[in-house]
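The values are calculated or read from the model by the stated rules, or taken from the named source; none is laboratory data. None of these values were measured; they are calculated from a predicted model. Backbone-built Cβ (ideal geometry, glycine too); neighbour counts: all protein chains shown.
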Amino acid sequence: MPTTQELLKLEDEYGARNYLPLPVVLSKGDGIWVEDLEGNRYLDCLSAYSALNHGHAHPRLLAALQAQAGALSLTSRAFCNDQLGLFCKELAELTGMDRVLPMNTGAEAVETAIKAARRWGYRVKGIAEGRARIVVCEGNFHGRTTTIISFSSEDSYRDGFGPFTPGFDIVPYGDIGALEQAITDETCALLLEPIQGEAGVVVPPEGYLAAARKLCDERKALLIADEIQTGLGRTGTLLCCEHEGVRADAYLLGKALGGGLYPISAVAARSEVLEVFEPGSHGSTFGGNPLGCAVAREALKILVEDRLAERAVELGEYFVERLRAIGSPHVDHVRGKGLLIGVVLKASAGGARRFCEALMTEGLLCKETHENVIRFAPPLVIEKADIDWAMPRIEKVLK
């Protein structure tokens, strides 16, 4: 087996350099813990950007994966399979939606929603062909496709990738006044994250989502909630929109939907939204494959039966309380909901990257976001004792 340094060198030499990972090579995972080649254990505080809400190698998910892989893995949508209908029914009922369109990645779910929203705008709202617009928010992160980066406000995501797709209006996140001005007769949808994860765990002002819902109703525009990172228990409710009692017209799900074992995403929406598609208008070879559906069905069952959302509330509040009690001279404030937590550093702290590197040496794997925020998002199966183990190490680094 090659050494850590040899593998790091191979990745640097043969891989595209579009990531800057911490210099650790992981080879095993179990629950909230991961292990490198030398046998060092780390508490996973990123959960693969919340894809691992259930933890690493959950035995029930492994069993579902192995059983389905040995039976039938892929059919394409040219044929039906025995998992797809059950998956769609169970996800629709869980989210309170009418229909489900499964895809593979979060970005594909976003692209699907954009297509559905535009066609809905033409066929249902009556917008003139080619004039439909979608309102998005500054600081958004919805994926990396050419269309999606076209409405990003992050220069580094766009640099050198133009020309860009038109049809999007960007407004400040959390500003209902700006939103009111932006939504016009040609607006088919508002696409937003209930909490902006990649922007640094940015929580909108209280009442913002409810006001956005009311505005969309008044202006006849769809409210599309990107819950790819915030959904499925991460913030303490099944869907983050539930914190304000908001029901979107469409939810975009991914990441934890496949339990961290298999990539699967979905658009769960009202019938009116997804019925704009007819045979041949949209599709995916792997979308709705039986292997992904079987794993996702089990992941949803575990989420409900093990009360992972409720755990996120209790343990998230405890984690935030302990972080705020540290009193570090480098920390400006701590924010978040559930187990999606951002420690915002002062400008004088010298950036979050060096803190994440130091945390790695203490046995915690975290990720900096937007230069000055340390994100703590461990698997939802974490225990209070694990947080107690982590806090002296975090305090040592932050102080």
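Okay, here's what the table says:
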{"read-out": "Enumeration of residues in segment 214-253 that are closer than 15 Å to T95 by Cβ, of a type in the set (G, A, S) and surrounded by 24 or more Cβ atoms within 10 Å (Cβ to Cβ)", "value": "A225, G231, G233, A248, A250"}
{"read-out": "Within segment 55-98, tally of residues that are free of Cβ contacts under 8 Å to residues at least 12 places away in the same chain and either within 10 Å of C293 (Cβ to Cβ) or in contact with a Leu (Cβ under 8 Å, 6 or more places away or on another chain) (or both)", "value": "1"}
{"read-out": "Helices (runs of 4 or more DSSP H) contained entirely in segment 290-369, each with at least 1 residues that are closer than 27 Å to L65 by Cβ and of a type outside the set (K, R)", "value": "290-305, 308-324"}
{"read-out": "Residue under evaluation A256, criteria (1) buried (at least 22 other Cβ atoms within 10 Å of the Cβ); (2) small (G, A, S); (3) within 26 Å of I134 (Cα to Cα), criterion not met", "value": "(3)"}
{"read-out": "From the options A48, A116, A63, residue that is assigned to a helix (DSSP H, G or I), under 23 Å from I387 (Cα atoms) and at pLDDT 95 or above", "value": "A48"}
{"read-out": "Exclusive hit being at positive phi, of a type outside the set (S, T, N, Q) and touching a Pro at 6+ places or on another chain (Cβ under 6 Å), set G39, G55", "value": "G55"}
{"read-out": "Residue check for Y19: in the same structural domain as A377 (by TED's automatic domain parsing), within 28 Å of the chain's Cα centre (by Cα) and among the hydroxyl-bearing types (S, T, Y)", "value": "yes"}
{"read-out": "Residue within segment 216-224 that is assigned by TED's automatic domain parsing to the domain that holds I134, more than 26 Å from I170 (Cα to Cα), part of a loop (DSSP other than H, G, I, E, B) and touching a residue at least 40 places away in the same chain (Cβ under 8 Å) present", "value": "no"}
{"read-out": "Evaluation of F151 against (1) surrounded by fewer than 20 Cβ atoms within 10 Å (Cβ to Cβ); (2) free of Cβ contacts under 8 Å to residues at least 24 places away in the same chain; (3) not small (G, A, S) (one fails), failing number", "value": "(1)"}
{"read-out": "Segment 75-112 - residue that is of a type in the set (D, E) and assigned to a loop (DSSP other than H, G, I, E, B) and, of those, surrounded by the most Cβ atoms within 10 Å (Cβ to Cβ)", "value": "D98"}
{"read-out": "All positions within segment 264-291 that are within 19 Å of L223 (Cβ to Cβ), of a type in the set (G, A, S) and surrounded by fewer than 18 Cβ atoms within 10 Å (Cβ to Cβ)", "value": "S271"}
